[in-house]
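See structure below.
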Amino acid sequence: MNPTKERRAIDNALDKYHELVDTYPDEQFAKTPPIGGWSYSEVYDHILKSTLAASIALERCTHNNCPPTKQGPNFWGRYLLITGLFPPFKVQVPQEVAAKIAPTKIDKEEAKNLLVKTRRRIDGVSMLISDAPKNARWQHPRLGMLNAAQWFKFIRVHLQHHLKQLDRIQNSFAKNG
């Protein structure tokens, strides 16, 4: 896993989120799309708050501020780390996790502020990864125990995954205008 390459991909994804936010019509930003599911607003809320939370877990690993464990990623964690993709089917988030990370509808200004906060956070933690102990791991709710570099890769994959969701929402509005 190359942290420099992952950082470049994270920056590109965050740039894309920043570029896209102003392209969505204001009246559609918080509107549920015709295909159902999350609005643009909810995707932004989810992805940015999840990235911030993942960066906290990553930082815990860099400071070895984790309970000792010999466990690593589970099957789906290994799948994501090897393929760089989420599973090719909809994954159900555990109920207790879903309650904590349920997306809310935010406005574009809040989305932009979260983008700035997220980028600053990534700037701060990305420098710590190369010196992080490989055996310091923090629990991911679906992927098992991840170390700092694995959390960083998860952040990249998760950001890219939800960019595809934004495309599906945009296509839904375009087809059902």
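Taking the 0 to 90 degree range and rounding to the nearest ten, how far is the long axis of helix 40-62 tilted relative to the main principal axis of the chain, both from C-alpha atoms? For 40-62 against the chain, the angle is about 10 degrees.
Extent of the chain along its three principal axes (Cα atoms, max minus min coordinate, largest first): 51, 30, 27 Å. Net charge of the neighbourhood of residue 35, taken over other residues with C-beta under 11 Å away and scored Lys/Arg +1, Asp/Glu -1, is +2. Computed from point charges on the beta carbon alone (+1 for Lys and Arg, -1 for Asp and Glu), the dipole magnitude for the chain about its Cα centre is near 680 Debye. Each Cα pair under 8 Å and six or more residues apart adds its separation to the average, and for segment 39-176 the resulting relative contact order is 46 percent. Dividing the helix sum by the residues of the chain, where each DSSP H run of 4 or more adds -39500 (n - 2.57), gives a mean residue ellipticity at 222 nm of -20500 deg cm²/dmol. Highest mobility in the GNM of the chain, judged by mean-square fluctuation with C-alpha springs under 10 Å and restricted to 95, 150, 28, is found for 95. Summing +1 for each Lys or Arg and -1 for each Asp or Glu among the other residues whose beta-carbon sits under 13 angstrom from that of residue 12 gives +2. Mean-square fluctuations from a GNM of the chain, with a 10 angstrom spring cutoff on Cα atoms, peak among 110, 42, 96 at 96.
Could you work out which residue, out of 33, 25, 73, moves most in a Gaussian network model of the chain, that is, has the largest mean-square fluctuation with Cα springs under 10 Å? Judging by the Gaussian network model, the answer is 25.
Every number in this text was worked out from the coordinates using simple rules, so none of it is lab data. Small disclaimer: the values here were computed from a predicted structure and weren't measured. In this analysis, Cβ positions are derived from the backbone assuming ideal geometry, glycine residues included, and neighbour counts consider all displayed protein chains.
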